Structure formats: structure tokens, C-alpha cells
Amino acid sequence: MNRLEFCEYLHVEQGIVDVWVAQAWLIPDISGGEAFFRDSDLARARLILDLSERMGLNEPGVDVVMDLVDQLHSLHAVLTNIISAIEVQEPDVKISILRHARER
């Protein structure tokens, strides 16, 4: 959806979304000079609204939370890749990996 539709859907002013984009809390796709937002942007925007309006976090607080959310998503992707790599290994290698992981 375009920027106007995004703002109308969330019931926020366009200037607010501009701040979120400037803070890199949202990174829309740009095509022909126009910003387009995905469903994941809507989810992030709802979180930002919850943090700032309902929980009263200021911009630095929202920035910390959004950074942590991004780190968790990155970690999830890495762990998913590791699990996929383990799944294709021979059974004895899987057992060795699991045994080693439990010892830690």
C-alpha cells in the first residue's frame, strides 16, 4: 500500500510515518519515488504505536525496542538456517551436534 493508504489505515498523520522512516523503524519499498509499505511494515507500525502511545515510550526508548526486535528477527533467521543445515546431516553427525549442544 502507498504512504497515504498506510497512514489512513493506521489513523496517523503522514509526518509521523516520515519520522518512523527517518528513524529506520520502517523501511518501505521505493518505486518511482513513492514509498510502498508491506504487511510487515503494518505490524511494525502497530508495535511502534503501542510502544509510544499506549506504553508512553519516548523516541530513544522506541529505538531501543525496535533494535532489539530486529536483532531477534536476525537471530531467528540464523537459527533457522542452522537447523536446516543440521537436518540434512547424517544421523551420527546430528547426534554428535545435539550431544555437544547439551553439554554447553
Exercise. Which one of the conditions (1) part of a helix (DSSP H, G or I); (2) loosely packed, with under 12 Cβ neighbours inside 10 Å does ARG44 fail to meet, given that it meets all the rest?
Worked result: (2)
Seminar exercise, completed: Of the residues in the stretch 86-104, those that are part of a loop (DSSP other than H, G, I, E, B) and not aliphatic (A, V, I, L, M) come to GLN89, GLU90, ARG104
For this session: Go over the candidates GLU13, GLU53, GLU59, GLU34 one by one and state the one that is charged (D, E, K, R) and out of contact with any helix residue (DSSP H, G or I) (no Cβ under 9 Å at 6 or more places or on another chain).
Result: GLU53
Exercise. Can you name the condition, by its number, that ILE83 falls short on among (1) closer than 24 Å to GLN14 by Cβ; (2) assigned to a helix (DSSP H, G or I)?
Worked result: (1)
For this session: Name every residue in the stretch 28-45 that is in contact (Cβ under 8 Å) with a residue 12 or more places away in the chain and of a type in the set (A, V, I, L, M, F, W, C), in order of residue number.
Result: ALA35, PHE36, PHE37, LEU42, ALA45
Exercise. Is it true that MET66 is touching a residue at least 40 places away in the same chain (Cβ under 8 Å), among the aliphatic types (A, V, I, L, M), surrounded by 11 or more Cβ atoms within 10 Å (Cβ to Cβ) and more than 30 Å from ILE97 (Cβ to Cβ)?
Worked result: yes
For this session: Would you point out the residue of the stretch 47-80, among those that are assigned to a helix (DSSP H, G or I) and among the polar types (S, T, N, Q), that is nearest to ILE16 (Cα to Cα)?
Result: SER52
Exercise. Considering SER52, SER84, which residue is surrounded by 13 or more Cβ atoms within 10 Å (Cβ to Cβ) and either among the hydroxyl-bearing types (Ser, Thr, Tyr) or in contact with a strand residue (DSSP E or B) (Cβ under 8 Å, 6 or more places away or on another chain) (or both)?
Worked result: SER52
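Read the figures in this text as sums done on the coordinates, not as results from a lab. As the structure is a computational prediction, the values presented were derived from the model and not from experiment. Quick reminder, even Gly has a Cβ in these numbers, built from the backbone with ideal geometry, and neighbours come from all protein chains shown.
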